[in-house]
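*Asks:* The structure is given below, and queries will be raised subsequently.
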Amino acid sequence: MLCLLAINAAWGAADSTVYLASTPWPPYSGASQPDGGATTELIREAFAAVGRKVVVNFYPWRRTMFMARQNPQTDGFYPAYYSSARAQEFLVSAPIAVSLVGFAERSDAPVKWQSLSDLAPYRLAVVDGYYNPGGLDAMIAHGVIKTDTVRDDALALGILGAGRVRLAVVGRNVMNYLLRTDPTLRRYRASIDFNPHVLATLTVHLMFRKTPRGRVLQQDFARGLHMIDQQAIMKRYIPGYLTELPVPPTAR
């Protein structure tokens, strides 16, 4: 039995295929996106550079997190914003993208704010399970800011456009892509803007399980990133990405 366990462990460490969980987050990821989205293609090319194949399964966000935590056959998950809590739980890659995070708003009802406390009079749309930066999660948890929780960014923009909330927390690239491509948001394309006061610029990562195999994959992925043109890949899938949000050169 011990010999069989040792053989299985060695096979798991040596398996050249990387098994990842992801979630629909266009244009960064998603089964309906070209090549699985910008970050999917970047991850695929980085691992290919070091001789590894990538298999990705797409789930709703909470299911993605469940697979990353509970399924030993899942090596990691993406795309995920950096946070100290996630860095304690997972092995974090160098940045694979950046995202300008803020608030979508209706163009006929712009919101002027300087501190998060200024948003207390308004109801916000947030996506279930997403990390909201800049202390926003804490203010939501303490009831200072009221929210409607939805399953994805498209629904957040939809209830904003319908007037059910005053703001929706979203990444600017995500908002622009969904307004341009999602037929359910067609009616709101000319009436939703991105609030000029940015909440945060966040790095986006691939996160691995904290196991010996996970550490090997983290190191292999780092080597692969240095062997590809990361910015060119992002520009291929997200128009204007380089001039708008250059990828930071170092990991956090």
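The values are calculated or read from the model by the stated rules, or taken from the named source; none is laboratory data. From a predicted model like this one, the values you see are computed outputs, not experimental measurements. Keep in mind that these areas ignore ligands, DNA and RNA; they rest on the heavy atoms of the full protein, side chains included. Shrake-Rupley method; radii C 1.70, N 1.55, O 1.52, S 1.80 Å.
*Asks:* Roll a 1.4 Å probe over the protein chains and send me the accessible area per residue for the chain in Å².
*Replies:* Per residue, the chain has an accessible area of 48 Å².
*Asks:* Can you tell me the orientation of helix 38-49 relative to the chain, as the angle in degrees between its alpha-carbon axis and the longest Cα principal axis, to the nearest 10?
*Replies:* Once rounded, one gets 20 degrees.
*Asks:* I'm a student and want to see the number: the projected area of the Cα convex hull of the chain, averaged over all directions, in nm².
*Replies:* Quarter of the Cα hull surface area: 14.1 nm².
*Asks:* Using a Gaussian network for the chain with springs between C-alpha atoms less than 10 Å apart, which of these wobbles most: T201, T184, T23?
*Replies:* In the Gaussian network model the winner is T184.
*Asks:* Could you check how much of the accessible area of the chain is carbon and sulfur, as a whole percent, using a 1.4 Å probe?
*Replies:* The value for the chain is 55 percent carbon and sulfur by accessible area.
*Asks:* Tally the DSSP beta bridges in segment 10-143 and give the antiparallel ones as a percent, rounded to 5.
*Replies:* 10 percent
*Asks:* Still on this structure: Most mobile of E45, E105, E89 per a Gaussian network model of the chain (Cα springs, under 10 Å)?
*Replies:* Sorting by GNM fluctuation, first place goes to E89.
*Asks:* Right, here's the next one. Would you mind computing Rg(Cα) / (2.2 N^0.38 Å) for segment 122-165, counting N as its residues?
*Replies:* 1.10
*Asks:* Please compute the contact order of segment 140-252 in relative form: average sequence separation of alpha-carbon pairs under 8 Å and at least six residues apart, divided by the residue count, as a percent.
*Replies:* Value for segment 140-252: 14 percent.
*Asks:* Further question on the same structure: Please give the helix 172-181 orientation as an angle from the longest Cα principal axis of the chain, in degrees from 0 to 90, rounded to the nearest 10.
*Replies:* So the inclination is approximately 80 degrees.
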